[in-house]
C-alpha cells in the first residue's frame, strides 16, 4: 500500500496529461499586406538572441498583392527560466519595418486525475453531512480514491513522463512549449528595446549585403 501511495504521489508531481499537447510554436492571426516581392522575417528573444528556426507564414492573394494572414512563431528563448517571457517579431518589407512584441506567460500544470481524485476524496465528508447519508460520502470517497490511484497510475504518470520528455527536447532546441501567448503589441521605433536593436545590428553583420535571405536567416516570399 505504501509503494502504491508513493507511486500515486509521484504521478501527482508530474505534469498534466494536457502537457503532451502543448506546442513549441504559437499561431498569430494577421492582416499584413506585402508591399515588396521579398520580405525578411526574424524572431528575437528578450536578450536580443536570434532564433535560427524560420517563422512560417500563411498568405492569401488579394489582386496583385499578397496578404499575410497568419504567422507561426517558435516560442524561442536562449535562456532557461527567464522571468521576462518576450519575443520580438521583426519584419522588413521593402522600406517598411514592423516589430511586434509577443508576450507569453508560463502555464502551470497538475496531474489531472490525481487532482480530481483528491478533490472527490476531500468532498466525501461534506457530501455525507449535507445529504445526511453516510453511504453517499463513502461512495464519493471510493470514487475519489480510485480516481486518485488508478487515474494517477494509468494516465497521469505515463502522459506526464511523455510531456516531460517532449518539453526537455524542446528546451534543448531553445523552445519552450510551456509558454502560452498572452498578447501581441506593435512597437513604435522609439519603443524598440536595446537588446532587440543589438540583435538586429548583429544580424546586419552576418548579412553584409543587407538583403533578405532564405532560411535560417529569414523568410523570402515571392508574390505571384
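The values are calculated or read from the model by the stated rules, or taken from the named source; none is laboratory data. Computed from a predicted structure; not experimentally measured. In this analysis, Cβ positions are derived from the backbone assuming ideal geometry, glycine residues included, and neighbour counts consider all displayed protein chains.
Values computed for the structure shown
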| read-out | value |
| --- | --- |
| Qualifying residues in region 167-193 (those that are in contact with a strand residue (DSSP E or B) (Cβ under 7 Å, 6 or more places away or on another chain) and not in a strand (DSSP E or B)) - the one nearest to residue 107 (Cα to Cα) | 178 |
| Count of region 49-65 residues which are surrounded by fewer than 15 Cβ atoms within 10 Å (Cβ to Cβ) and either assigned to a loop (DSSP other than H, G, I, E, B) or in contact with a helix residue (DSSP H, G or I) (Cβ under 8 Å, 6 or more places away or on another chain) (or both) | 3 |
| Failed criterion for residue 68 (all others in (1) surrounded by fewer than 18 Cβ atoms within 10 Å (Cβ to Cβ); (2) over 21 Å from the mean Cα position of the chain (by Cα); (3) in a strand (DSSP E or B) hold) | (1) |
| Residue within region 119-142 that is assigned by TED's automatic domain parsing to the domain that holds residue 179, touching a helix residue (DSSP H, G or I) at 6+ places or on another chain (Cβ under 9 Å) and part of a loop (DSSP other than H, G, I, E, B) present | no |
| Test set (1) surrounded by 15 or more Cβ atoms within 10 Å (Cβ to Cβ); (2) part of a loop (DSSP other than H, G, I, E, B) - residue 40 fails condition number | (2) |
